[in-house]
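Beneath this line is the structure, given in structure tokens, with notes to follow.
Just so it is clear, none of the values below were taken in a lab; they were calculated from the coordinates. Bear in mind that the values here come from a model prediction, so they are computed numbers and not experimental data. Every residue, glycine as well, gets a Cβ built from its backbone with ideal geometry; the counts of neighbours run over all protein chains shown.
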Amino acid sequence: MDLFLHLWIMILIYTIFAMSLNLEVGYTGLFNFGHVAFFGIGAYTSALLTLHQVPFELAFAAALIAAGLSGFFLSIPSLRLRGDYFGIATLGFGEIIRMIFQNEVWLTKGPMGLPGIPKPVLFSCRFATLPQYLLLTLGFAILTFLVLRFIIRSPLGRIFKAIREDEVASTALGKNVFHFRIKSFVIGSVFAGLAGTLWGHYITFISPGDFTLLETILVLLIVVLGGKGTEWGPVLGAIVLIFFQESLRFLRLPAEWAHYLAPLQQMIFGGLLVLLMIFRPEGILREKGKSTDVGTKRCQ
Amino acid sequence: MLELNGVNKSFGGIQAVSHCTLNTKEYKISGLIGPNGSGKTTLFNLVTGFIPPDHGEIHFQGKRIDGLLPHEVAIRGIVRTFQITRILPKMTVLENMLIAPPHQTGEKFGSLWFKQKAVKKEEGENRKKALELIDLVRLSHLKDQFAENLSYGQQKLLELARGLMADPKMILLDEPTAGINPIMIKTIMELILKMKEWGMFFFIIEHNMDVVIELCEWVFVLDNGEKIAEGRPREIQNDPRVIEAYLGV
């Protein structure tokens, strides 16, 4: 039962994380390979503040602001780059942030990590047990889903999509592509920060090694597998992948096989991605126009 | 309306546009013709800010617009279409249209939450206008289709309609009738004439002389980046310099 609850908490946290990346990758066409940095900034900010007895409400808010602000400052130089170059720049930022966690020992205790992160108490509700924490993450996941859906379906979200589809056409229609990309990047960063915060307080121990490129690849995989540019894609992707990842962890393998487990997981992920790209590059869910009435165009 | 003054642009050693001076005055529909590679599209790129000129000034309605970024030119009322259509493939025809209106309240993050009523009202109005324009270009039955499912001619119509949706003062059309069938050319011409009546200005690059003669009130001729002639379409057609540029005789 505990395993089951743990599984769903992880799924929900990664759903939030993936939804935030989906806004950037799926809707705005920003291939961000450093998304884990904002997850980490959220986790570290909230953990450090609460370890110093700052109230949880404040720490949570500060974590979101820190993630959003760093997203803003990182986006200004990197969004001047396009396509692949943007991807490489974000990859670099992801690593830089991890190096800061690792080397600013006075602040983050470096590779030792931060143990004993307290369980949150929000508005005098304590979320310590698994069912309580599940409720908390569920609440935040639903909130994130609704907020992002509201943005995606708004005129603002429409412009994000237009920029993804054709930057030049959007510019020719008077849209300031650079500004809208920053907006998308900052919103994405804030929600990644939220996911990181929830994760940190759940795991209760964070260290720089938790925020590597592999994490970014995992969420990217969730987004792509689920169906990028769809509202439910990241949810579905997180359920499939996290279920798979976490259940593999608790698989009772004979002791002599145990050391194959981690490489096996990577191999299966890799294989899954290859198969996905071959057979269904658009993911499990696909983006669709409202009507499927394609025949009519030929009648004209 | 649109005034170019000694505009120059070279790419490396190639003089794409040289000392170009032209003024579309109050002509509702001006044409720009010239052989391939004569610098017509470059001229459009210069006007719309996609390429900054090396020298010279560009004025629109008396205000200087060279040196502005493309989106800044667009919000001053110049919208363009492209030689190779640039529709938004994975968005529906209606969504393609709804992108166009400038300064939408719902584009701002704050207003999205705090001015929901205004956003809703504006969306309703834009949608109504978009549907009318879609109807005008006879794409109503395809409004919920992804734009990528449209035929080439339909995409051109959509791009034109989208330009109109942006409600510009002047619209630059880069070969609006290239590569589409005669019936659709007629639809496009009707649309342009209708918009002209509504007070919109046009500047059109076009190779099809029948279209130029029927639509344009004034025509500029470019050759090797230089303006070699201008005048009424009928006169231009018989101008020896123009015939030479086109036929090389």
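Could you give the spread of the C-alpha atoms of segment A:78-179 along their three principal axes, from largest to smallest, in whole angstroms?
Largest to smallest, the principal-axis extents are 53, 35, 18 Å.
Going by average Cβ neighbours within 10 Å, how do the peptides B:165-171, A:240-246, A:117-123 rank, with the highest at the top?
B:165-171, A:240-246, A:117-123
Treat the count of other C-beta atoms within 10 Å as a stand-in for reagent exposure and order A:217, B:188, B:33 from fewest to most.
Going from sparsest to densest Cβ surroundings: A:217, B:188, B:33.
If the only charges are +1 at each Lys and Arg Cβ and -1 at each Asp and Glu Cβ, what is the size of the charge dipole of chain B around the Cα centre, to the nearest 20 debye?
Computed about the Cα centre, the dipole is about 900 debye.
Pop out the Kirkwood hydrodynamic radius of chain B from its pairwise C-alpha distances, inverse of mean 1/r, in Å to one decimal.
Final number for the Kirkwood radius of chain B is 19.0 Å.
Considering only A:159, A:73, A:58, whose Cα is most displaced toward the positive end of the charge dipole of segment A:2-213, charges sitting on Cβ of Lys, Arg (+1) and Asp, Glu (-1)?
The Cα lying farthest towards the positive end belongs to A:159.
Taking every pair of Cα atoms in segment B:1-104, average 1/r, invert it to obtain the Kirkwood radius, and report Rg/Rh to two decimals.
For segment B:1-104, the value is 1.00.
Given charges of +1 on the Cβ of Lys and Arg and -1 on the Cβ of Asp and Glu, with all other atoms neutral, how large is the dipole of segment A:2-213 about its Cα centre, in debye to the nearest 20?
Computed charge dipole of segment A:2-213: roughly 440 debye.
Over the whole of B:95-104, what's the average partner chain Cβ count within 10 Å per residue? Rounded to a whole number, please.
5
Find the centroid of the Cα atoms in segment B:99-175 and in segment A:16-88, then give the distance between the two in whole Å.
33 Å
Cross-link list B:9/B:40; B:25/B:196; B:169/B:196; A:183/B:108; B:143/B:169; B:90/B:156: which exceed 18 angstrom alpha carbon to alpha carbon?
The answer is B:143/B:169.
Going by the alpha-carbon gyration tensor, a ≥ b ≥ c the square roots of its eigenvalues, is segment A:1-84 rounded (a/c under 1.5) or, if a/c is not under 1.5, prolate (a/b greater than b/c) versus oblate?
Here segment A:1-84 falls in the oblate category.
When each pair of different Cα atoms in segment A:2-213 is counted once in the 1/r mean, what is the Kirkwood radius in angstroms, to one decimal?
17.5 Å
Can you list which of the DSSP-assigned H helices in chain B have a Cα extent of 18 Å or more along the long axis and an average Kyte-Doolittle score of at least 0.5?
Long hydrophobic helices here: B:182-197.
Explain nothing, just the number: relative contact order of chain B, from Cα pairs under 8 Å at least 6 residues apart, as a whole percent.
27 percent
Fewest to most neighbouring Cβ within 10 Å: what's the order for B:80, B:234, A:164, A:286?
Final ranking by Cβ density, sparse to dense: B:234, A:286, A:164, B:80.
For segment A:200-289, what does the equivalent ellipsoid look like in terms of its semi-axes, each the square root of 5 times an eigenvalue of the Cα gyration tensor, given largest first in whole Å?
26, 18, 12
Cα centroids of segment B:191-249 and segment B:14-45: how far apart, whole angstrom?
Here the answer is 10 Å between Cα centres.
Can you compute the modelled spin-label distance between residue B:178 and residue A:100, with each label point 7 Å from Cα toward Cβ, in nm?
4.8 nm
Project the alpha carbons of the protein assembly as shown onto their principal axes and report the range along each, largest first, in whole Å.
Cα spread of the protein assembly as shown along its principal axes, largest to smallest: 91, 52, 50 Å.
Can you list the HN-Hα couplings for segment A:137-154, worked out from phi with the Karplus curve (6.51, -1.76, 1.60; θ = phi - 60°), rounded to whole Hz and with x for Gly and Pro?
5, 4, x, 5, 5, 5, 4, 4, 4, 5, 4, 5, 5, 4, 5, 4, 7, 8
Classify segment B:109-223 from the C-alpha gyration tensor, please: rounded if a/c falls under 1.5, else prolate or oblate depending on whether a/b exceeds b/c.
Prolate.
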